[in-house]
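Here's the structure we're looking at; comments come further down.
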Amino acid sequence: MPEAMETQMTAGTPLLSDTSAVKVAARDVNVFYGEKHAIKGVNLDIKQNEVTAFIGPSGCGKSTFLRSINRMNDTIDICRVTGSIALDGGNVYDRSIDVVQLRARVGMVFQKPNPFPKSIYENVAYGPRIHGLCRHKDELDEVVMGSLERAGLLNEVKDRLDQPGTGLSGGQQQRLCIARAIAVNPEVILMDEPCSALDPIATAKIEELIDELRENFTIVIVTHSMQQAARVSQRTAFFHLGTLIECSDTEQVFTNPIHKLTQGYITGRFG
Amino acid sequence: MQVLILFLVLAVLTVIGFRLGRSRSVKLVGGDVARLHSLPGYYGFYVALWCGIPALLLVLAWVSLEGPVLTRLILSAVSPELLLDPNGGPISQAHLNLLVNDLRNIASGTVASTANPLVQAAGLQLASYREISFGAMTVVALALALGGAGLALRWVHADFRARNSVEKVIKTFMVLCSLMAILTTVGIILSLLFESYRFFARVPMTEFLFGLQWSPQMAMRADQVGSSGAFGAVPLFAGTLLISLIAMIVAVPVGLLAAIYMAEYAPRKVRSIVKPLLEILAGIPTVVYGFFAALTVAPFFRDSGQLFGLNISSESALAAGVVMGIMIIPYVSSITDDVVTAVPNAMREGSYGLGATKSETIRRVVFPAALPGIVGGVLLAVSRAIGETMIVVMAAGLSANLTANPFEAVTTVTVQVVTLLVGDQEFDSPKTLAAFALGLVLFVVTLALNIVALHVVRKYREQYE
């Protein structure tokens, strides 16, 4: 059975024994960019209301795998995905799945803060508006304020909601993007190196925020910083050259890695 | 011809200077080129520049000043009776010019002889003056070239900064080139201003800008009828605006949607075929659009108008405007395409990541982000439409109707400028001068549009860079 074989390749506990806590279940996922085999047979469970960190050297496919969870790879013409990624048991690559609804359930925060060239208020209201979540202006106000509050940004921007979001500092912009994502009330939030463009103080704020958001959302974060993975995540998955090498509880991965490659990477011998 | 040979000699000297400078610099350091401040070639260029440029400047100055100086000389030398008219007074300016022309022709040998032996003698004398002048110029130029090269050669040392000097000269040359373009523009503007001033001295500016009657025929004789000349340009402005408006109504939506399709929806293959095709439209000579408008589109509109019981003139503003709109589509679409593709992909991803569809993303994120650039592009297209000439000359009418009805014939500013100046015209009647006034108005309007448009486009660029 090929599936079992692939599973054995990954060290640690990529699959959870408690299936009721699984939010996202990836089985035998392969991603191709044209001829290039970018992700090779990944099997992985992502647990509900936890932070799962993807680590690995540049070009190892962690971002590609992250983007295949909400089908952001669909926007790239030459990209092809095989296997299944189940969100609450339903395969997101199933033909019946509407990608628009999928992305409303699986939000995303990008590497570089990318607020729209609109006001702060409009940035957050964008998602609720396109999904028709709010019937009245009051309701929308409530969602916008609530999202900014949960993103820890409300106090800094409440007097200038009508000013452009692009005028905020980098860290504030990234929190605005997080507010924008949670305004749609997703179940999963994918974060693709959300702090790589930020200074240490802004990074600390985002990490704190991630820890709070875990209560209500399932979070998957790609990071280049192993300290960050250790600080914010409960489970860590290590990718190398498109293969999921090891996945376990974060503590386990950082204190007692099983695979030689994992060990080499977290001790800084390569990567 | 002789001057050409002189230039050739100077060029040869310059090349020799280059060689000498180069080899001297290498010899100075005994072949160890690394000890030189600059590469040997720069020393060569340095000597060559000193050899060529002063001599060249001298020749140019000499040639341009030679004519007037020699003319003055010869006029002071000719027998005074040539300069007197039959009544004994000094001859008029026109006759003087005629005489000078005769002398020049004789001197160049283009006219073998004239009836007047005095003129003949003076012409031959002018020829000898010319020979002397050329000989002197040759001697001085060669001396300058050799002297400059010799001096420069003496200045060449191992730590002489030849590269810096050469680069300075090249930079100066580039500044001169850019000045040339600017000065030409300034010259055109000044001539427009002066001629317009002459026009406004005869026709009051208020009448020109606000008058409703345009019929620029002037009476040649006092007793002529019906040619009083009226210079109220409002019908022309209105006609220009009407045709431009029709053009924009065609070009803006088509261009915009085509660009958005190509930038956002089209598969790469389609884009690589359609985009160059659309840009070919921009390469079609406007004269071709012109007869397309006059021979195909206008009759088509007239005939289809008849089907619906509409009376459409065969020189309707509609035909000219529609064809002009087609011509402008590539301008709108290529600028729109540029600004739409310049919207960072992160914006689109951010929107997709929130579950927006493609059309929502384009309408709510990409388009607003690109809007300033699009507005700039449209303004540039408008100024292009207002200044367009060939299509309207061929397809729009000549009669200055003040109407907003696109089915009637109207005329435009550019058409009138053409008709005012075509053929044999006196250059001091208000009729021809009116063309300059119209040109000035056109220039001011398009300049203002271009400035606003470029400002808008630049502001948009700053946002993302």
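The values are calculated or read from the model by the stated rules, or taken from the named source; none is laboratory data. Values in this document were obtained by computation on a predicted structure and should not be read as measured data. Here the Cβ positions follow ideal geometry from the backbone for every residue, glycine too, while neighbour counts run over all protein chains shown. The protein model used for the area step is the full one, side chains on, heavy atoms only, and it has no ligands, DNA or RNA in it. Shrake-Rupley method; radii C 1.70, N 1.55, O 1.52, S 1.80 Å.
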Candidate set from segment A:141-159 (those that are outside any helix (DSSP H, G or I) and in contact with a helix residue (DSSP H, G or I) (Cβ under 7 Å, 6 or more places away or on another chain)); member that is most open to solvent (accessible area, probe 1.4 Å): A:G152
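Yes or no, residue by residue, for (1) among the small types (G, A, S); (2) more than 14 Å from chain B (Cβ to nearest Cβ); (3) surrounded by fewer than 19 Cβ atoms within 10 Å (Cβ to Cβ):
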site: A:R27; (1), (2), (3): no, yes, yes
site: A:N30; (1), (2), (3): no, yes, yes
site: A:E35; (1), (2), (3): no, yes, yes
site: A:I39; (1), (2), (3): no, yes, no
site: A:G61; (1), (2), (3): yes, yes, no
site: A:D74; (1), (2), (3): no, no, yes
site: A:A86; (1), (2), (3): yes, yes, yes
site: A:G89; (1), (2), (3): yes, yes, yes
site: A:V92; (1), (2), (3): no, no, no
Within 14 Å of chain B (Cβ to nearest Cβ) and acidic (D, E) - does that describe any residue in segment A:142-157? no
Return yes or no: is A:E208 part of a helix (DSSP H, G or I), open to solvent by 30 Å² or more (accessible area, probe 1.4 Å) and farther than 18 Å from A:Q111 by Cβ? yes
Quick one: is B:T14 modelled with pLDDT of 90 or more and outside any loop (DSSP other than H, G, I, E, B)? yes
Restricting to segment B:33-47, and then to whatever is farther than 13 Å from B:D159 by Cα and free of Cβ contacts under 8 Å to residues at least 40 places away in the same chain, can you tell me which residue is most open to solvent (accessible area, probe 1.4 Å)? B:G41
Take the residues in segment B:186-208 that are open to solvent by 70 Å² or more (accessible area, probe 1.4 Å) and among the hydroxyl-bearing types (S, T, Y); name whichever of them is modelled with the lowest pLDDT. B:T206
Filter segment A:122-140 down to the residues that are open to solvent by less than 50 Å² (accessible area, probe 1.4 Å) and away from chain B (no Cβ under 14 Å) and list them by number. A:C134, A:L140
Do you know which residues across segment B:154-184 are part of a helix (DSSP H, G or I), modelled with pLDDT under 90 and open to solvent by less than 70 Å² (accessible area, probe 1.4 Å)? B:A162
Would you mention how many residues in segment A:228-259 are surrounded by fewer than 21 Cβ atoms within 10 Å (Cβ to Cβ), more than 25 Å from A:R150 (Cβ to Cβ) and not hydroxyl-bearing (S, T, Y)? 8
Please count how many residues of segment B:291-348 are more than 14 Å from chain A (Cβ to nearest Cβ), open to solvent by 50 Å² or more (accessible area, probe 1.4 Å) and not hydroxyl-bearing (S, T, Y). 15
Condition first: crowded, with 20+ Cβ neighbours inside 10 Å and either more than 7 Å from chain B (Cβ to nearest Cβ) or part of a helix (DSSP H, G or I) (or both). Now tell me which residues in segment A:103-119 satisfy that. A:R103, A:A104, A:V106, A:V109, A:P113, A:P115
